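Following: one structure in structure tokens, then a few remarks.
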Amino acid sequence: MQSLEQMSQKYETAFNGNKEYEAAWLGLNIFLFVTFFLTFDRDEKYYYTRQLLGSALAWARASAKCLNFNSLLILLPVCRNLLSFLRGTCSCCRRTMRKQLDHNLTFHKLVAYMIVLHTAIHIIAHLCNFEWYNDAQQATDQSMASILSELHLDDDLWLNPIHSNNTTPLHVAFTTIPGLTGVIITLALILMVTSSVEFIRRSYFEVFWYTHHLFVIYFAGLVIHGIAGVVRGQTTDNMEEHNSKECAPHYMEWDREDSDFHCKEPEFGSIPAESWKWVLAPLILYAFERVLRFWRSCQKIVVTKVVKHPSKVLELQMYMKGFSMEVGQYVFLNCPSLSHWEWHPFTLTSAPEENFFSVHIRAAGDWTESLIDTFEQQKPKIPRIKVDGPFGTASEDVFQYEVAMLVGAGIGVTPFASVLKSIWYKLQHADQKLKTKKIYFYWICRDTGSFGWFKDLLASLEQEMEGSGKAGFLSYHLFLTGWSSSMVGQAILNVDKATDVVTGLRQKTSFGRPMWSNEFSAVAAAHPRSVVGVFLCGPGALANSLQKCCHQHSSLDPRKVQFYFNKENF
């Protein structure tokens, strides 16, 4: 057993690297919040504002700055063309950096949660601010707050935005720019966040898809929200004539000629709206992203072949002029006859060496079922398909490792179909640039029908590797999790046969789930000084198990075996 100290010193994987980036982002949020909280809590410019609002001013303004910062970041992780450029083109994108790109959706969610947190703080602080403004307006005790509320009611140099004793929260919320835009922003945010929970996203994707486009309303409201300048501070020119520290104790004598202190009345100006400065660049970048996607989706797509596989899996082979891909990449598909607005991601199952690109689509929801039915019912006429992509994923890096472990669960095998096909072509042409020396492939399926469409490729690879003298290059393991006792009995009776009774392949099918600790130990023993890339396309529970094994089986010595975990994220 390893000690806690040894575990903490373990050579860091991509997961730990990702934590470092998250810590940096969290640190920036804390820095911004503290910096601006102290600014509005101590700056003389806001001395009189604090007399009305207290610390609620600092809470509102600090959270607003953090809202702007995170609104700047929220769109960047979903700029897929930018991420693909950084992954595939930018020379400074080394392995560690490229790995962070695989966590783009995780970071997108974290930023969204931070926006929700600061929105809540901002709303609560301004609710308090409204009460303090209202109390100061209604006060008749000649306190400083009441005097400040009576200043400059006839010009634009006032401090208290409430000029009437009859003003209500409902009136402020729906008749002022900050109030109305605040309500709209909050409603849009609530709808976007609640429709993004996994249950709704998986079961009612259309709800998630449409409500997420409320981000347009969110950003429009954010830019407009501060232009009214409700929260104010003392003007710079007036601060030269009116020192708050000297004049505040004598507020009853302001602007009186017979006073010994000669203090003019304080004058106040609005805080300039700044949200647009924060979000302008990412909005322009995202707009360019959407224009590029739209242009690409308008390109002519020719569906060259339609194949129906077992377990309700549909294969589409397509051609588009100028289409270029790498292994493991994915595209978004749209079928206008089903919906003009819905786009769904699918991993490419073809190899870069082929003169077409293909996807395998499993019936896993209303849209995919409708798509499969549409192709079955409209023969010989083929429905029109739009394509956006391809976009990069973690599987692009598979050939950067000396040893690779590929793990697919069910239809999650699709990115590795592209990898294995590419290997087949590379072996045929004796590609000398191939860095990878060994591939371990694990496929976990619930039923035997799932093996049907993929076993032909595995059979071709077996034959090709044996013919080229590289029979040991690929080691694949098939696991069947949904089985009966009669199926096991039949397998036992045919154990001496050269081929598997379930798949017809030479490699025998295992019943049950892999013992991952044993698998990692075997790979570590076979490759004691190699860098092993572990690639998964599958559920979160399996990802946690593999990630844990990568930690446990990586050597403390960086010169020895190291496991790097990579997971597909759409």
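Numbers for the structure displayed
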read-out: Residue that is under 30 Å from ARG232 (Cβ atoms), among the aromatic types (Phe, Trp, Tyr) and either out of contact with any helix residue (DSSP H, G or I) (no Cβ under 7 Å at 6 or more places or on another chain) or touching a residue at least 24 places away in the same chain (Cβ under 8 Å) (or both), where the choices are TRP278, TRP295; value: TRP278
read-out: In the stretch 387-429, the residues that are closer than 26 Å to GLY322 by Cα and touching a His at 6+ places or on another chain (Cβ under 9 Å); value: THR414, ALA417
read-out: Residue in the stretch 263-275 that is farther than 30 Å from LEU127 by Cβ and either open to solvent by less than 90 Å² (accessible area, probe 1.4 Å) or not charged (D, E, K, R) (or both) present; value: yes
read-out: Among residues of the stretch 366-410, those that are within 22 Å of the chain's Cα centre (by Cα) and under 20 Å from PHE332 (Cβ atoms), counted; value: 10
read-out: Boolean, VAL230 is closer than 30 Å to ALA145 by Cα, surrounded by 13 or more Cβ atoms within 10 Å (Cβ to Cβ) and in contact (Cβ under 8 Å) with a residue 40 or more places away in the chain; value: yes
read-out: Those residues of the stretch 526-546 which are closer than 22 Å to PHE399 by Cβ and of a type outside the set (Gly, Ala, Ser), in sequence order; value: HIS527, PRO528, ARG529, VAL531, VAL532, VAL534, PHE535, LEU536, CYS537, LEU546
read-out: Residues that are in contact with a helix residue (DSSP H, G or I) (Cβ under 7 Å, 6 or more places away or on another chain) and over 27 Å from TRP276 (Cα atoms), drawn from the stretch 206-225; value: VAL207
read-out: Single match in GLU131, GLU206 (criterion: among the charged types (D, E, K, R) and closer than 26 Å to LEU285 by Cα); value: GLU206
read-out: Test result for THR119, open to solvent by less than 30 Å² (accessible area, probe 1.4 Å), over 30 Å from PRO266 (Cα atoms) and modelled with pLDDT of 95 or more; value: yes
read-out: Residue within the stretch 312-324 that is within 22 Å of GLY365 (Cα to Cα), open to solvent by less than 90 Å² (accessible area, probe 1.4 Å) and hydroxyl-bearing (Ser, Thr, Tyr) present; value: no
read-out: Strands (runs of 3 or more DSSP E) lying entirely in the stretch 334-395 (those with 2 or more residues that are farther than 30 Å from GLN100 by Cβ and open to solvent by 20 Å² or more (accessible area, probe 1.4 Å)); value: none
read-out: Restricting the stretch 508-552 to residues that are of a type outside the set (Gly, Ala, Ser) and assigned to a strand (DSSP E or B), the residue that is modelled with the lowest pLDDT; value: THR509
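The values are calculated or read from the model by the stated rules, or taken from the named source; none is laboratory data. Computed from a predicted structure; not experimentally measured. Counting neighbours? That spans all protein chains shown, and the Cβs are built from the backbone with ideal geometry, glycine included. Ligands, DNA and RNA are stripped out before the accessible areas are found, and what is left, the full protein with its side chains, is counted by its heavy atoms. Shrake-Rupley method; radii C 1.70, N 1.55, O 1.52, S 1.80 Å.
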